[in-house]
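The values are calculated or read from the model by the stated rules, or taken from the named source; none is laboratory data. Note that the structure is a prediction, hence the values are computed from the model and not measured. Please note: Cβ atoms are built from the backbone with ideal geometry, for glycine as well, and neighbour counts cover all protein chains shown. Ligands, DNA and RNA are stripped out before the accessible areas are found, and what is left, the full protein with its side chains, is counted by its heavy atoms. Shrake-Rupley method; radii C 1.70, N 1.55, O 1.52, S 1.80 Å.
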Amino acid sequence: MNPVPTKADAPPDSIRLEVGGMHCSSCVSHVERALRSVDGVEDAMVSLADSTARVTGSGLESERLASAVRDAGFEAVPIAESRSLADERDDLDRRVRARVDRWRLRTLVGVGIWIPLAAMHWFGPSTHDDPALRWILAGVASVSFIYVGWAFFQSAWEALRAKTSNMDTLVSIGVISAYVYSLVVLILETSSGTHQLATYFMDAAGLLAFISLGHFLEARTTAQAGGALRALLELQPDHVERVDSPDADRGDRLPTSQVVPGDLLRVRPGERVPVDGLVVRGATAVDESSITGEPLPVERSEGDELLAGTISTNGLVTVRATVDGNSTSLSRIVEIVRAAQASKSRIQKFVDTVASVFVPIVLVIAATTFVLWLVLAPANGLQHAVVNAVTVLVIACPCALGLATPTAIMAGSGAASQRGILVRSADALERAATVEGFCFDKTGTLTEGRPEVLEAEDDVLRRAGSLARGSNHPLSVAIASELLGRGLNAPVAESIEEQPGVGLSGRLEGARWQLVSLAVAGRRGWVEAVEPPEATTCSVLVRDEAPVGFITFSDRTRPEAPRLVERLRGMGLEPDLLTGDRVGVARSLGRELG
């Protein structure tokens, strides 16, 4: 008798939020703390790469969570779990593009104002004898102060309202102190007619320009990390053809998000499979490289499973959906990548702990600097006290302490996913430094994944080419390419059929010809008659159930593969080979790679 599940056994609730206003790891930490302060929250992961947060717990209410984020000084909108991958992709594009565009414009304005100010300061006429010029420079700097600085001031103000601080707090205090001090000096000296003290309008504008440039570069880095996520989201087609029965000629077009389990879907040659399902009619070779990494198409026929995001290369199939349009294997992979980019390694958790007290400590040091200069060096006056206190803030505000680690994790996991490597968490990425060995797939990994004809008699090749005509299978493509290279013409065969997992057959010269895989030929007792080499991929040509010859294929080793194996061994890592190919083929490649 199965135990009755209790409330404690029930899976935790999960709610996603779209979070706006974040532009550094300190912001991420503030949002996470705000979410974890809500009753019922067990964990909160915030991703700067796609500006989202995922909260898990019990009894969660999306509006309460969004309200907690807003109270912390950020924008928050709940994300519907039923949202399609197409909508996810569009929203990700919008958020990433808007953030990059905002910081690009601020950087252009800031740098465009600072360069003339710096040129005037270092190479232009002295402003001590020209009060009007000093006011012109102050007016130009004010444009940067108001437009470029507003983003920092607003972020610092929202943090203050939430009774906390962030890196923008340092930027804002430093810039406002330099600007206000300079403005007060300018007003007092203009009214008194003296020009003794220096002003720091150019310095304040330069600080805003350089930190805006840093935020722009950070936004581009996170956009590139999010680009890996977008590439995965693009694998699922936006629309699908639904039919009433497997034999129906035509169906209705509908958004993929509206597919429900049991729907019959038509997938044509060259189209991507929209959702996970089972083939109920037809057969095809499926390119699963985007999901599994296997470069060669895999034969799929009635009863076989198809995965969302894969491509039907040469057959028309009808698929019965086994999941809805938003619960596919592809969507689970997207969640793995998203969780990896939002997760934190042990070192990052330590950095976050330090960063949480970093800003208050810097503020205390700056205030202490100001007081000590006034008390211990009164002869230098207020100017030196202000300048040295602002210097402390300026040195600290572009601090990479809370930026380097999360940016590295986002960039690393994003680059890995673009190369077919899924990183489950930041801890896994961190532990990768301790691995002792690698297991490599053969086809398309250590080899190029593009078979070429190695050995075949001309007559065998011509008749095999007759059967392979029109087929998109990689071995058929290799036969066609070899025919062209030898300048041979293949006769025209009739009634050609392609049977997945078996091979090709057709009528030619009054006989039935077949081109079958070596495994099929072995089961039917045809291998002994033609005796193909052991260490090769091979197809056998058969006429009226009598084998007449064979074609061997080679898959060239990637030029960089031997160097890779040698380099891994030099690092003390042991490489191994995994393949579903013949033992002889595997051993031959193993010897070639050492």
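Data overview
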item	result
Selection from the range 307-333 of residues that are hydrophobic (A, V, I, L, M, F, W, C) and in a loop (DSSP other than H, G, I, E, B)	307, 308, 316, 323
Residues of the range 479-527 satisfying the condition of being of a type outside the set (Asp, Glu), buried (at least 19 other Cβ atoms within 10 Å of the Cβ) and more than 20 Å from residue 456 (Cα to Cα)	500
Matching strands (runs of 3 or more DSSP E) fully within the range 15-79 where at least 1 residues are modelled with pLDDT under 80 and within 26 Å of residue 223 (Cα to Cα)	41-47, 75-79
Residue ID - most open to solvent (accessible area, probe 1.4 Å), chosen from residues in the range 528-561 that are among the small types (Gly, Ala, Ser) and more than 14 Å from residue 476 (Cα to Cα)	529
Tally, over the range 255-273, of residues that are at pLDDT 85 or above and over 17 Å from residue 317 (Cβ atoms)	2
Residues located in the range 180-217, provided they are outside any helix (DSSP H, G or I) and farther than 18 Å from residue 110 by Cβ	193, 194, 195, 196, 197, 198, 199
Residue list for the range 185-203, restricted to those being closer than 23 Å to residue 143 by Cα and either surrounded by 14 or more Cβ atoms within 10 Å (Cβ to Cβ) or touching a residue at least 40 places away in the same chain (Cβ under 8 Å) (or both)	185, 186, 189, 190, 197, 198, 199, 200, 201, 202, 203
Residues (open to solvent by 40 Å² or more (accessible area, probe 1.4 Å) and not in a helix (DSSP H, G or I)) located in the range 562-590	571, 572, 574, 576, 577, 578, 579, 580, 581, 582
Pairs where the first residue, in the range 499-524, is without any contact (Cβ under 8 Å) to a residue 24 or more places away in the chain and the second is of a type in the set (Gly, Ala, Ser) and open to solvent by less than 30 Å² (accessible area, probe 1.4 Å), C-beta under 6 Å, 6+ apart	517/503
Any pair with Cβ under 9 angstrom, 6 or more apart, that starts in the range 300-325 at a residue that is among the hydrophobic types (A, V, I, L, M, F, W, C) and open to solvent by 50 Å² or more (accessible area, probe 1.4 Å) and ends at one that is at pLDDT below 85 and in a loop (DSSP other than H, G, I, E, B)	none
From 386, 357, 390, 362, residue being open to solvent by less than 60 Å² (accessible area, probe 1.4 Å), modelled with pLDDT of 70 or more and within 37 Å of the chain's Cα centre (by Cα)	362
